[in-house]
Amino acid sequence: MKSLLVLLFPVYLFSQENCFDDGQKHYSAKGKLSHYTQMTEFILLNNPKHIKYKENRANLSYEEDERMDEYSGMPYEQRMSEDYKRFEIFYKYFNHQFHYIRLQKAGKSLYAVAENQFGHWLLEIKGRKPKAYYIGFSKNTYVNRRQKNGFIRNNTLFLDGSFISIKKGIRFDEWTAVKDFLTFEISLDDIKKDSDGDGYNDLFEHLIFLNSDSRDTDGDGISDFEDLNPLHASERNRFTELFESIIESDLGENEDATRDYYSFKIYESDCNFFQRIHPKDTRILVLSGSQAYQLENNSRSSPFGTFYGRIKKGPDETTFYIPYFKSSSGGRIIAEYKDGKWSVLEDQEYKT
Ligand SMILES: [Ca+2]
Ligand SMILES: [Ca+2]
Ligand SMILES: [Ca+2]
């Protein structure tokens, strides 16, 4: 067994980086939401075990909730300032990382239900310590914007909503309620469980492929919570630098997001060099094709990140081409390596 490992390891290191064009076709795994997973039976079966639900005819249906607008007729600016006033303390601790839906005081804690790129969260501020817990709803769960007061009772979170089916559209997905008038019940112990104590609850770690039993999934000495690239230990070479320049030009903003622990830029690439980059001031997840597929099926992550294909070498060995695909555009990156530096250009071939 020992000799086999020694033999396999170098082979893995040098030939499986999945970065360069090998003449084979490599597609993005995204967007393959299969038809049968959207049938009611499957949606109900796929509801995570920690989430119970009961029918409650007094609730709003999905359509009624969608139609209602609390700020209806209010100008945008006024709407924002109302929102700031209402959720001031949450803005103070969590910034613009979440869209805040409702808040409640329970015991010594102040709670809010909020939403971000991954789905719904329960936020808690207790003695000036902010915590965010991913709730772990399935992709097919719709949570009403209108919630009753007192969504926390008896150490349990109660949220009204529906199960919906999702039909992929060209521009927008089409949602239809398949089971309305539900109240979801989730024990706070299940939501708050953080087995390794690193600051991310187990449900969130499972969603983004982190190890919920290790504070440092990639073993680089930086805890999952503080790591800007928590899935892969960083490395430095010509091609990790190439991908660092690509994501920098992709961000194009100077905001320091290192304290935004719950916001990630998501990329899909099987290339090890990309996975091992060292981001400067942005939290990233570089997912393999199968991980990207799983995340897209498990959460309402939208808009999803950018897919990068394999690197094609130009004839001169200093120019490289990388196909990419975003939600609304695609094309290729033209990268030139000169005097130890990369210059990167996005050649947009199409736009939807
Ligand atoms: Ca954890
Ligand atoms: Ca962890
Ligand atoms: Ca780490």
Please verify whether Met80 is farther than 29 Å from Ile170 by Cβ, in the same structural domain as Phe172 (by TED's automatic domain parsing) and assigned to a loop (DSSP other than H, G, I, E, B), treating the condition exactly as stated.
no
Restricting the range 328-351 to residues that are assigned to a strand (DSSP E or B) and polar (S, T, N, Q), the residue that is surrounded by the most Cβ atoms within 10 Å (Cβ to Cβ):
Ser329
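Here is a yes/no grid of residues against (1) within 16 Å of ligand 1 (Cβ to nearest atom); (2) of a type outside the set (Ser, Thr, Tyr):
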residue: Ile186; (1), (2): no, yes
residue: Asp194; (1), (2): yes, yes
residue: Ser212; (1), (2): yes, no
residue: Arg215; (1), (2): yes, yes
residue: Ile222; (1), (2): yes, yes
residue: Phe225; (1), (2): yes, yes
residue: Leu231; (1), (2): yes, yes
residue: Ile246; (1), (2): no, yes
residue: Ser249; (1), (2): no, no
From the list Glu235, Glu241, Glu268, pick out the single residue that is more than 16 Å from ligand 1 (Cβ to nearest atom), in contact (Cβ under 8 Å) with a residue 24 or more places away in the chain, acidic (Asp, Glu) and surrounded by fewer than 15 Cβ atoms within 10 Å (Cβ to Cβ).
Glu235
Within the range 73-89, does at least one residue satisfy the condition of being buried (at least 20 other Cβ atoms within 10 Å of the Cβ), farther than 19 Å from Ile51 by Cβ and either without any contact (Cβ under 8 Å) to a residue 40 or more places away in the chain or more than 21 Å from the chain's Cα centre (by Cα) (or both)?
yes
State whether the residues of the range 251-262 include one that is under 30 Å from Ile322 (Cα atoms), at pLDDT 95 or above and either away from ligand 2 (no atom under 13 Å from the Cβ) or out of contact with any helix residue (DSSP H, G or I) (no Cβ under 7 Å at 6 or more places or on another chain) (or both).
yes
Residue count, the range 201-229 (criterion: in contact (Cβ under 8 Å) with a residue 24 or more places away in the chain, buried (at least 22 other Cβ atoms within 10 Å of the Cβ) and within 9 Å of ligand 3 (Cβ to nearest atom))
1
For Ile186, indicate whether it is farther than 24 Å from Val286 by Cα, touching a residue at least 60 places away in the same chain (Cβ under 8 Å) and touching a Ser or Thr at 6+ places or on another chain (Cβ under 9 Å).
yes
In this structure, does Phe204 turn out to be touching a strand residue (DSSP E or B) at 6+ places or on another chain (Cβ under 7 Å), within 14 Å of ligand 1 (Cβ to nearest atom) and outside the structural domain of Gly136 (by TED's automatic domain parsing)?
yes
Breaking point among (1) in contact (Cβ under 8 Å) with a residue 60 or more places away in the chain; (2) away from ligand 1 (no atom under 16 Å from the Cβ); (3) farther than 24 Å from Lys108 by Cα, for Val143
(1)
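The values are calculated or read from the model by the stated rules, or taken from the named source; none is laboratory data. Computed from a predicted model, the values in this text were never measured in an experiment. Ideal geometry is used to build each Cβ from the backbone, glycine not excepted, and the neighbour counts take in all protein chains shown.
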